[in-house]
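Below is one structure, written out as structure tokens, with a few remarks after it.
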Amino acid sequence: MVQLSNDCFAFGGKLMTIDEALALIAARVEPVEGAESLPLADCDNRVLLAPLHAPLPLPLFANSAVDGYALRSADLPGDQERSFPVTARVQAGSPAQPIMPGEAVRIFTGAPMPEGADTVFMQEDVRVEADGRVTLPPGLKAGANMRPAGEDIAQGAVAIPAGRRLRPQHVALAAALGLTHLTLRRPIRVAIFSTGNEVMEPGGPRNAAQLYDSNRFMLGAMLRRLNCRVHDLGILRDDRAALAAALKEAATSHDLVLTSGGVSAGEEDHVRAAIEEVGSLVLWSMAIKPGRPVAMGVIAGTPFIGLPGNPVASFVTFAYVVRATILALSGAAPEPLIGLPVRAAFTYKKKKGRREYVRASLRYADDGSLEAVKFPREGAGLLSSLADTDGIIELAEDAERVSPGESVRFLAYPMLL
Ligand code: AMP
Ligand code: MG
């Protein structure tokens, strides 16, 4: 378990920018202790503990990139075509004999280069004669169509850096190096609660003023995509003592306690008071829309994050604050969210000084360029605005308006997790 000090999330400024929040998280949140060795099939999306040094070069041996004819570059045709006897045939998986001066060797993709040979003619480019000789055209460069040992990764080089969140291609790399297991950081254990008297379990009883909990399911799913072990602890009522007891208990056995709702400044927002009773809390008033209030706290050394109750605000603040915290706890290298430029197909006015997120879908314009269409409504409670769009557009703090045709930064939903 990490042990954080009470004031570690304190922030002097009034409105906090996303960059300030990310810097504070990176500086204060330490990786959890503990690692495990797992078979490659279980390594995807997990965090590598230590740098992986290549025990072997990749490719393992020099081999042909094409089906064709191998020869020594010293024998390459000059400015005239030249014919060679074909003295051997080497296929993938079979060792090759050395090549002699003046010879060509029939070779196939992936087959080892005969010792001495360093260049391969593609079979499409040559003429096979009636007597079995092969005539090669002029113009090929020494080393063409050959993959030298170690050109991909040199033996001993760092094949995968420490803290990399593994993707399928990293698993492939480890397998290509002959490894069967990798040593990974352990998954983060997260306790998750919803809060509010109006929030009820889907499918259960509800009065006319109550709604079904959606945040807990959205946030739980987001956490699982970040490979957390999620412990769903249900819904807490707007009651300070009950909240305090439940949050304190959860903090003893988890790496992070996450709630949604109850963190604004209303009289019925009790999460704030509850955390102050069992730990310490700072309210981050973030300069973003949607998603202004985020509570950051520490309960007996365990980090606590209280997200706003509105689903869209919860979603956006998760993508920044919770994601960065999980990555830091996981020992993962920071993965900055980099929006890709697309053209705006809408007009939008915003307040200077805060970062705004606009839910949008992508389409191809008539000229073939990608353009973003804004969801027609903006409410922070509209689940359809998240469900029916492809991602969010990030509008910088200093921007005041967006006009059609302007380049904006687009973050597709899969990029956020
Ligand atoms: P709060 O942050 O508690 O002021 O809540 C803001 C809005 O989000 C209110 O309309 C709440 O009813 C709504 N809300 C709070 N928690 C949830 C939840 N778990 N699922 C869906 N909506 C919620
Ligand atoms: Mg509430």
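Here are the numbers for the structure shown:
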{"item": "Residue count for region 254-271, restricted to those that are at pLDDT 95 or above and either open to solvent by 40 Å² or more (accessible area, probe 1.4 Å) or away from ligand 2 (no atom under 16 Å from the Cβ) (or both)", "result": "4"}
{"item": "Test: residue in region 224-234 that is modelled with pLDDT of 95 or more, within 16 Å of ligand 2 (Cβ to nearest atom) and open to solvent by 10 Å² or more (accessible area, probe 1.4 Å)", "result": "yes"}
{"item": "Residue identified as out of contact with any strand residue (DSSP E or B) (no Cβ under 8 Å at 6 or more places or on another chain), hydrophobic (A, V, I, L, M, F, W, C) and more than 16 Å from ligand 2 (Cβ to nearest atom) among A221, A274, A209, A251", "result": "A221"}
{"item": "Restricting region 299-317 to residues that are assigned to a helix (DSSP H, G or I) and either in contact (Cβ under 8 Å) with a residue 40 or more places away in the chain or under 16 Å from V32 (Cβ atoms) (or both), the residue that is farthest from ligand 1 (Cβ to nearest atom)", "result": "V316"}
{"item": "Among residues of region 46-91, those that are assigned to a loop (DSSP other than H, G, I, E, B), in contact with a Leu (Cβ under 8 Å, 6 or more places away or on another chain) and either small (G, A, S) or exposed (fewer than 15 other Cβ atoms within 10 Å of the Cβ) (or both), counted", "result": "3"}
{"item": "Residue in region 189-212 that is more than 23 Å from G381 (Cβ to Cβ) and surrounded by fewer than 23 Cβ atoms within 10 Å (Cβ to Cβ) present", "result": "yes"}
{"item": "Subset tally (residues that are closer than 28 Å to S285 by Cα and of a type in the set (A, V, I, L, M, F, W, C)) for region 334-366", "result": "5"}
{"item": "Residues satisfying the stated conditions in region 167-186, i.e. crowded, with 20+ Cβ neighbours inside 10 Å and under 29 Å from G220 (Cβ atoms)", "result": "H170, V171, L182, L184, R185"}
{"item": "So A144, is it out of contact with any Phe, Trp or Tyr (no Cβ under 9 Å at 6 or more places or on another chain) and surrounded by 16 or more Cβ atoms within 10 Å (Cβ to Cβ)", "result": "no"}
{"item": "Residue tally, condition more than 13 Å from P404 (Cβ to Cβ), in contact (Cβ under 8 Å) with a residue 24 or more places away in the chain and open to solvent by 20 Å² or more (accessible area, probe 1.4 Å), over region 352-373", "result": "7"}
{"item": "Any hit, region 236-244, residues being open to solvent by less than 20 Å² (accessible area, probe 1.4 Å), within 16 Å of ligand 2 (Cβ to nearest atom), touching a Phe, Trp or Tyr at 6+ places or on another chain (Cβ under 9 Å) and under 23 Å from G12 (Cβ atoms)", "result": "no"}
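The values are calculated or read from the model by the stated rules, or taken from the named source; none is laboratory data. All of these numbers come straight from a predicted model, not from anything done at the bench. All Cβ positions, even for glycine, are placed from backbone atoms using ideal geometry, and neighbour counts span all protein chains on display. Only protein heavy atoms, including side chains, enter the accessible area calculation; ligands, DNA and RNA are left aside. Shrake-Rupley method; radii C 1.70, N 1.55, O 1.52, S 1.80 Å.
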